[in-house]
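Novice: Have a look at this one before I ask anything.
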Amino acid sequence: MVSRVHPSVAVDGIVIHNGKLVAIRRRNEPFRGMPALPGGFVELGETTVDAVVREVREETGLETRVKRIVGVFSDPMRDPRGHVVSIVYELGPIGGRLKAGSDAAAIVRVNLSAVPVMAFDHNEIVRVYRAL
């Protein structure tokens, strides 16, 4: 679903649940099997805030509320499928239950002091988040 004429817009979520960063293990390529932040593409007519809440719910089972924006990540090489601009938000859990869904093969709970190699530029995103 990546446009070849203009950059696509995506969202990623930083969620801390019981003291750990919530990540997913990717079910699909690119980066199949690697941990990644929950996120995905913004649908036509959807705000980025609605998109990140939806994507986090679909991939992790958690109901969340946006706390703040972490940053905008726009390196044209961040996604091998094409130029994708991601708006990253920190979200707080307000309900639901952790369970892998949609594009997630599994839930991965990550200690912020020992973040594994992640898909896309998600290690850089976590680094920026930790510096805030």
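Taken together, the values in this text are just the output of simple stated rules run on the coordinates, not laboratory data. Nothing here was measured: the structure is a model prediction, and the numbers come from that model. Cβ atoms come from the backbone with ideal geometry, glycine included; neighbour counts cover every protein chain shown.
Novice: What does the highest-first list of 23-32, 119-128 look like by mean Cβ count within 10 Å?
Specialist: The packing order, highest mean first, is 119-128, 23-32.
Novice: Which log10 I(q)/I(0) values, to two decimals, does the chain give at q = 0.14, 0.20, 0.21 Å⁻¹ under the Debye formula with one point per Cα?
Specialist: Each listed q corresponds, in turn, to -0.54, -1.20, -1.35.
Novice: Over 10 Å intervals from 0, what percent of Cα-Cα pairs in the range 50-123 sits in each interval?
Specialist: 17, 43, 38, 2
Novice: Quick one: which residues, 5+ away or cross-chain, put their amide H under 5 Å from the amide H of V42? H built at 1.01 Å from N.
Specialist: Amide H neighbours of V42, under 5 Å, 5+ apart: V9, A10, V11.
Novice: In degrees between 0 and 90, to the nearest 10, how far off the longest principal axis of the chain does helix 48-60 point, with axes built from Cα atoms?
Specialist: Approximately 60 degrees, to the nearest 10.
Novice: Pairing the Cα long axis of helix 122-131 with the longest principal axis of the chain, what angle in degrees results, from 0 to 90 and rounded to the nearest 10?
Specialist: Once rounded, one gets 60 degrees.
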